[in-house]
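S.K.: For reference, the structure I am asking about is given below.
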Amino acid sequence: MVSPEPLSDSSNSALVRLRALLDESSFDGEQRLPAERVLAAQIGIGRRALRRALEVLEAEGRIWRHQGKGTFLGPRPARAPTSLDELSKRTHPLEVMDVRLEIEPALARLAAMRATNGDIERLLHLAEKTASSSDADGRELWDSALHRTIAEAAGNSLLLAIFDLVDRIRQDTTWRLLRERARSGNRQQLYVEQHRRVIAAIAQREAHAAEQAMREHLELVRDSLLKVMTSPLPARIDGEIPAKMMSANTKNERHHGT
């Protein structure tokens, strides 16, 4: 009886044979390659050499591997966009404030350069509606409308789309309750005054002043949220603050020295 020929341990040989196989063969409808042990036996290559050759092919974009599912022909498919629901679960209010602090001062600066007289009239009206709102739902509604109008007045459709995405994430019920607690006491009046400063700078076409006024406003909002989220039990939402928020707070407290 003739002994079977030993499998090659040459990774270069494995790569040559694999390339030839990929050029010549058609696999199943999903374009999935056979399992490693089957593939190694099929082309007469040791599994160690085979794995190394597969790594090269993956780096070249000829195959992609999904742990637990197999190896597939072609480049790795683009990841499906994260749903808004999933994104809301993965983030927390302080991350949202980080994003707002990056984009909204820039939006205020652009608005000072591009806002029409009609935009400024709308902003003044919204500021007054925000100031005169006596209930949580009204304050939330008019505050959001004011900030969005500034984003619209900036005249940049991509930045507006990012603003809208962040604003939709902010609609989480628990987060709205947090924000309402952050408006308690004299903070709401401070927010109103800051809104007026932002709008005055936009109306006077002072781009730098508008950017700075918006930054100061959002920094106060962020600090107020942080105080509420780390406050003693009586100020917590329904007696609890979600664990992911608290773990995020610990990092932020260390960063800001609170």
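The values are calculated or read from the model by the stated rules, or taken from the named source; none is laboratory data. Bear in mind that the values here come from a model prediction, so they are computed numbers and not experimental data. Backbone-built Cβ (ideal geometry, glycine too); neighbour counts: all protein chains shown.
S.K.: Test VAL228 against the stated conditions and say whether it is aliphatic (A, V, I, L, M), farther than 16 Å from ARG100 by Cβ and buried (at least 20 other Cβ atoms within 10 Å of the Cβ).
M.R.: So VAL228 fits the description; yes.
S.K.: Tell me whether the stretch 76-94 contains one or more residues that are of a type in the set (Gly, Ala, Ser), buried (at least 19 other Cβ atoms within 10 Å of the Cβ) and modelled with pLDDT under 95.
M.R.: No, the stretch 76-94 has no match at all.
Yes or no, residue by residue, for (1) touching a helix residue (DSSP H, G or I) at 6+ places or on another chain (Cβ under 7 Å); (2) without any contact (Cβ under 8 Å) to a residue 24 or more places away in the chain; (3) closer than 30 Å to TRP142 by Cβ:
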residue: ARG62; (1), (2), (3): yes, no, no
residue: PRO77; (1), (2), (3): no, yes, no
residue: GLU86; (1), (2), (3): no, yes, yes
residue: LYS89; (1), (2), (3): no, yes, yes
residue: PRO93; (1), (2), (3): yes, no, yes
residue: ILE103; (1), (2), (3): yes, no, yes
residue: LEU107; (1), (2), (3): yes, no, yes
residue: HIS125; (1), (2), (3): no, yes, yes
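S.K.: Now, a different point. Determine, yes or no, whether THR149 is among the hydroxyl-bearing types (Ser, Thr, Tyr) and in a helix (DSSP H, G or I).
M.R.: Against the criterion (among the hydroxyl-bearing types (Ser, Thr, Tyr) and in a helix (DSSP H, G or I)), THR149 qualifies.
So that you can scan it fast, the table gives a plain yes or no per residue for (1) surrounded by fewer than 16 Cβ atoms within 10 Å (Cβ to Cβ); (2) not charged (D, E, K, R):
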| residue | (1), (2) |
| --- | --- |
| SER132 | yes, yes |
| ALA136 | yes, yes |
| ARG139 | no, no |
| ASP143 | no, no |
| THR149 | no, yes |
| PHE163 | no, yes |
| ASP167 | yes, no |
| ARG170 | no, no |
| TRP175 | no, yes |
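S.K.: Please indicate, with yes or no, whether at least one residue in the stretch 180-202 is under 22 Å from the mean Cα position of the chain (by Cα) and not polar (S, T, N, Q). Step through it out loud before you land on a result.
M.R.: Step one: filter the stretch 180-202 for residues under 22 Å from the mean Cα position of the chain (by Cα), giving none.
No, the stretch 180-202 contains no residue that is under 22 Å from the mean Cα position of the chain (by Cα) and not polar (S, T, N, Q).
S.K.: Does LEU177 fit the bill of being within 30 Å of SER83 (Cα to Cα) and touching a Pro at 6+ places or on another chain (Cβ under 8 Å)? Break it down stepwise before answering.
M.R.: Details: within 30 Å of SER83 (Cα to Cα): yes; touching a Pro at 6+ places or on another chain (Cβ under 8 Å): no.
Criteria not met by LEU177.
S.K.: Also, I was wondering about something else. Could you list, in sequence order, all residues of the stretch 31-51 that are in a helix (DSSP H, G or I) and surrounded by fewer than 17 Cβ atoms within 10 Å (Cβ to Cβ)?
M.R.: Residues satisfying the conditions are GLU36, ARG37, VAL38, ALA41, GLN42, ARG47, ARG48, ARG51.
S.K.: Give the residue that is modelled with the lowest pLDDT, with candidates limited to residues of the stretch 187-243 that are among the β-branched types (Val, Ile, Thr) and assigned to a helix (DSSP H, G or I).
M.R.: ILE237
S.K.: To continue, here is another question. For the stretch 66-75, name all the residues that are over 21 Å from GLU24 (Cβ atoms) and either outside any loop (DSSP other than H, G, I, E, B) or in contact (Cβ under 8 Å) with a residue 60 or more places away in the chain (or both). First the steps, then the outcome.
M.R.: From the stretch 66-75, those over 21 Å from GLU24 (Cβ atoms) are 66-69; that's our starting set.
HIS66 - this is the single residue of the stretch 66-75 that is over 21 Å from GLU24 (Cβ atoms) and either outside any loop (DSSP other than H, G, I, E, B) or in contact (Cβ under 8 Å) with a residue 60 or more places away in the chain (or both).
Conditions (1) assigned by TED's automatic domain parsing to the domain that holds ASP143; (2) under 30 Å from GLU219 (Cα atoms); (3) of a type in the set (Gly, Ala, Ser), marked per residue:
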{"site": "LEU54", "(1), (2), (3)": "no, no, no"}
{"site": "GLU58", "(1), (2), (3)": "no, no, no"}
{"site": "ILE63", "(1), (2), (3)": "no, no, no"}
{"site": "GLN67", "(1), (2), (3)": "no, no, no"}
{"site": "SER88", "(1), (2), (3)": "yes, yes, yes"}
{"site": "THR91", "(1), (2), (3)": "yes, yes, no"}
{"site": "LEU94", "(1), (2), (3)": "yes, yes, no"}
{"site": "LEU101", "(1), (2), (3)": "yes, yes, no"}
{"site": "GLU104", "(1), (2), (3)": "yes, yes, no"}
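S.K.: Would you mention how many residues in the stretch 168-200 are closer than 17 Å to THR130 by Cα and either outside the structural domain of ALA131 (by TED's automatic domain parsing) or of a type in the set (Asp, Glu) (or both)?
M.R.: Selection size over the stretch 168-200: 2.
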